Amino acid sequence: MKCAYLCLIMAVTSVGCQLATEPATEAPTPVLSAGAREVQITSTRDRSKVHQDMYARSLVLSDGSTRIAVLTLDCVGLGLGHTVQIREGIAKATGIPADNVTINNSHTHNAGWPSGEWQDGMSYGDWLVKTCVALTVEANEALEPCAIGYDRVPIQIGFNRRLIQDDGQVTMAINPDGPVAPWTDIIAIHATERSARIAVLFTYAAHPVITQFSDVISSDYPGSAIARLKKFLGGGGRPEDGGVFMFGQGCGANINAFPLRGGPEACDAVGAKLANALLRANVEGVRPGPIRAESLTVSLPYQQPPSVAEVEKAIKDNPKDKRLKKLLKTAQEGDKPRSLDYPMKAMAIGPDLCILSLPYETFCDYQLFADKVSPFSHTVTLGYCVGGGYIATAAAYEMGPRGGYEASPLMIALSSKYGLALDPSVEKIIQNGIVELLTKLKQGANDE
């Protein structure tokens, strides 16, 4: 399988070069270039045992006039503050516009949030910002001519986790009939002037929770997949060492990797299954063309709060739930518009390939929607690109208290800014935003 995959990666070079030398009808086809780097970011503050080290990885792509950067982090999540600091730091250090930087978190549950003291009086979050900026500077300095290939390989290593019971209540259990995104998208990038792999970005949409509740630090199945790929294909963080393998988390908010809490050995087995899917890939070169980036932020309304009397009763019945005090304050302020910003990014690499980045813990239904309506031949959707908090569907929110962990106003919604669940109307707002964003990006690509 090793030889087969290496040949497929090499095929990207030949296809890419052939397309690049075809006569241009309007404007010369830009020469694409790429650089990638990785660095270890393991923090042993919370756990001393290490199953897999944590990594930050950065990929920079350029068409000679426009550059974009895609970072993948082995973190449970990254708040808006640190996300903005990384983007602005990269912009200042490299000239890549902050809006052209996407940061994706793997959402592994065996790595803490980037907070707390780390070293030299610096918090882990601040250290991570500094590290990600420096990493992207290195990737930017390593730019070299490249060809890009893509494939989508069917695989299922996760299951929908929202099962409706006989009483109509959603419980967190395997729902074999629930929506999933059963594939891995693969973007392979190869140097055209020498025989070297620069980077491979691959995705899957599922909570990395196979090692959850164990006493080890672990990047879960994404880390196990990358470890196997390095074993078969090499890969030491630089093109001369085999290139950088990067995992991008999709919209896995309502999907759990299986088996839930199976432990490190099960995690390695699932990671191997995902890696083997890449080894089966039939990577084909995508048409080169200008790189473009667009952003769009939509406003998602919250539901109106319950009455003060209802919240006071809930506090009396659940005196230890401190979140109810926040909800009481919201209820006392009465009905008024409250909303959550939902920032989306989309990047086009030539006329056919698009990377769509969505924030928060977004249901896979939105990834499936984007894949259906996208005007691009190949659309790679990432979730977890800033912050935390669930973004469910209209149907889930309309279930009210029966809506389960992700959508019920009585569960994780109490931890939101106002202690409220989002309104069912958010589904249509997000869908319209996705269509608007991708349409604008495609029109721009066609114009060039």
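Values quoted throughout were computed directly from the atomic coordinates according to the rules given, and no laboratory measurement underlies them. Predicted model, so just to flag it, every value in this text is computed and none were measured. Virtual Cβ from ideal backbone geometry, glycine too; neighbours counted across all protein chains shown.
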Take every Cα-Cα pair in the stretch 321-448 and report what % of them are more than 21 Å apart. 46
What residue among 221, 418, 204 has the largest mean-square fluctuation in a Gaussian network model of the chain, using Cα springs under 10 Å? 418
Could you give the angle, 0 to 90 degrees to the nearest 10, between helix 124-141's Cα long axis and the longest principal axis of the Cα atoms of the chain? 20
If you take every DSSP beta bridge whose two residues both sit in the chain, what share of them, in percent to the nearest 5, is antiparallel? 75
Lysines within cross-link reach of residue 273: Cα-Cα under 22 Å, excluding same-chain residues under 8 positions apart? 2, 230, 231
Identify, among 131, 150, 179, the residue whose Cα sits farthest towards the positive end of the charge dipole of the stretch 121-184, taking +1 on the Cβ of Lys and Arg and -1 on the Cβ of Asp and Glu, with the dipole about the Cα centre. 179
Output ³J(HN,Hα) for the stretch 174-181: one whole-Hz value per residue in order, computed from phi by the Karplus curve 6.51 cos²θ - 1.76 cosθ + 1.60 with θ = phi - 60°, and x for Gly and Pro. 4, 10, x, 9, x, x, 9, 10
How much length is gained if the chain between residue 297 and residue 282 is pulled fully straight, taking 0.36 nm per residue apart and subtracting their Cα-Cα distance, in nm to one decimal? 1.9 nm
Spatially proximal lysines relative to residue 92 (Cα-Cα < 17 Å; intrachain offsets below 8 disregarded): 130
Can you list the lysines whose alpha carbon is less than 24 Å from that of residue 313, not counting same-chain residues fewer than 8 positions off? 322, 325, 326, 329, 336, 417
